[in-house]
Amino acid sequence: MNHNPQSSDGKHDDDSTLSDFLGSLMDYTPTIPDELVEHYLAKSGFQCPDVRLIRLVAVATQKFVAEVASDALQHCKARQAAVVKDKRDKQQKDKRLILTMDDLSKSLREYGVNVKHQEYFADSPSTGMDPASRDE
Amino acid sequence: MKKSKSKKQSNTQQEATNVEEFSFNITKIAVSQICKSVGFKRSQILALETLTLVATKYLEALAKSSVSFSNAANRTQSNLLDLTNALHDMSQVGFRGASTLYDNNCLLKSSVLEDLSAFVSSTAEIPFAKPIERAKEREMEKVKASTGNLQRGAHIPEWLPSFPDVVSNEKCNKRVNGEELWENSSSVLGCQSDGFEEKRNPGKLAKERARVKFRINGGGKRVQLNGYSGNNLFSQTKDEEPEAEYKKPIKSKENQNRVYKRRKL
């Protein structure tokens with residue numbers, strides 16, 4: 001890939017920051033194991049002898065998941081703040097931060113992933129209706 | 001990170017039957033660790049599996065677009081620049097400098113990489129929770145078992161037969177049924193009689209065929225043979241009597257005339 005030659009100082013800075021970053025990548029162990037990342041990369045046809053790039057992909061995925069999860073957490077906390085009635089309830093609910101499909105679908109929508117989840121499935125149209133109003 | 005199912009059930013859930021399930025289960029553990037580090041205490045199982053699926057698809061999409069960038073540049077191995085371009089493509093929320101992406105032609109200054117380096121420096125390491133059974137060691141053991149086939153590499157399974165000996169086949173240019181590459185066929189090389197085979201299946205068409213002409217009425221002079229006798233019955237009339245083609249090759253010219261006369265009605 002060709003890019004225009006820059007001033008030598010700028011290039012040295014970029015190179016040094018990048019090499020530092022790539023060096024720090026080797027110290028940092030991503031949560032997603034290297035073998036797993038290699039498996040998915042091989043499945044997609046990605047070939048690279050450099051381990052640092054594999055770590056970079058793992059870190060990028062980890063960052064993505066962390067961002068989605070933190071957005072979902074904010075949705076969850078916002079919902080709890082709206083529902084709070086008195087102090088006792090709030091403390092109880094703070095301990096129960098649960099990742100629900102609702103929060104997840106809201107946060108994923110911002111990232112372009114549309115996740116729609118059925119609330120429930122009924123076996124007939126009159127399921128759950130008041131027996132007196134059912135047609136018999 | 002607790003799940004609503006009991007521990008006993010979750011252990012049996014982790015037995016995978018194929019490679020995809022295995023990698024999916026491992027990814028699920030990693031994703032749950034990330035969610036825990038973000039602050040969640042519990043999760044719905046379906047939500048966790050959905051997030052894992054999205055993570056695997058993100059990984060694969062990143063790899064695919066990186067591969068297509070490198071292939072567009074006549075390379076098979078991806079490098080950092082390909083990966084950076086792929087990261088740019090995958091970013092949904094945008095990043096600093098996205099509007100002036102190709103102005104200064106410097107991909108390495110991209111803010112995506114800066115964000116990643118900030119993430120690396122700020123976030124604590126989360127080592128993977130469980131040990132993974134290494135698949136590579138198992139493959140290595142299999143290769144060591146039979147030393148005879150090591151020379152053809154570990155990527156070829158042992159149960160396949162060995163390659164044919166290339167050296168001894170160099171003298172043999174002809175195939176069994178008289179097939180040849182089109183470039184080597186006589187029609188291209190100029191009607192040489194060197195490549196003329198005598199063994200010929202009666203049911204198959206001759207390679208050197210004269211041009212076919214059709215007439216409805218029958219009779220009259222037909223196709224001229226281009227000097228080949230015998231096997232070129234198929235080059236003759238294609239009239240209402242197609243059976244003539246499948247007769248045995250007639251070698252003398254007299255016989256041909258005889259056949260010819262018979263058709264005149």
- Message: Which condition from (1) closer than 21 Å to B:VAL19 by Cα; (2) at pLDDT below 90 is the one that B:LEU51 breaks?
- Response: (2)
- Item | Qualifying positions in the range A:103-131 - surrounded by fewer than 16 Cβ atoms within 10 Å (Cβ to Cβ) and within 17 Å of the chain's Cα centre (by Cα) | A:ARG109, A:GLU110, A:GLY112, A:ASN114, A:LYS116
- Do you know which of the residues in the range A:39-67 that are more than 7 Å from every other protein chain (Cβ to nearest Cβ) and open to solvent by less than 20 Å² (accessible area, probe 1.4 Å) is farthest from the chain's Cα centre (by Cα)? A:ILE54
- Note on the structure: Checking A:HIS12, A:HIS75 in turn, the sole residue that is open to solvent by 20 Å² or more (accessible area, probe 1.4 Å), modelled with pLDDT of 90 or more and part of a helix (DSSP H, G or I) turns out to be A:HIS75
- Which of the residues that make up the range B:99-113 are of a type in the set (D, E, K, R) and farther than 15 Å from A:SER16 by Cα? B:ASP103
- Message: Tell me yes or no: at least one residue of the range A:110-132 is part of a loop (DSSP other than H, G, I, E, B), on the phi > 0 side of the Ramachandran plot and at pLDDT below 80.
- Response: yes
- Task: Please determine, by comparing only the residues of the range A:78-97 that are touching a Lys or Arg at 6+ places or on another chain (Cβ under 6 Å) and more than 8 Å from every other protein chain (Cβ to nearest Cβ), which one is modelled with the lowest pLDDT.
- Result: A:VAL84
- In the range A:102-125, what residues are more than 12 Å from every other protein chain (Cβ to nearest Cβ) and of a type in the set (A, V, I, L, M, F, W, C)? A:PHE121, A:ALA122
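The values are calculated or read from the model by the stated rules, or taken from the named source; none is laboratory data. Only a predicted model underlies this, so the values are computations on that prediction, with no experimental measurement involved. Please note: Cβ atoms are built from the backbone with ideal geometry, for glycine as well, and neighbour counts cover all protein chains shown. Keep in mind that these areas ignore ligands, DNA and RNA; they rest on the heavy atoms of the full protein, side chains included. Shrake-Rupley method; radii C 1.70, N 1.55, O 1.52, S 1.80 Å.
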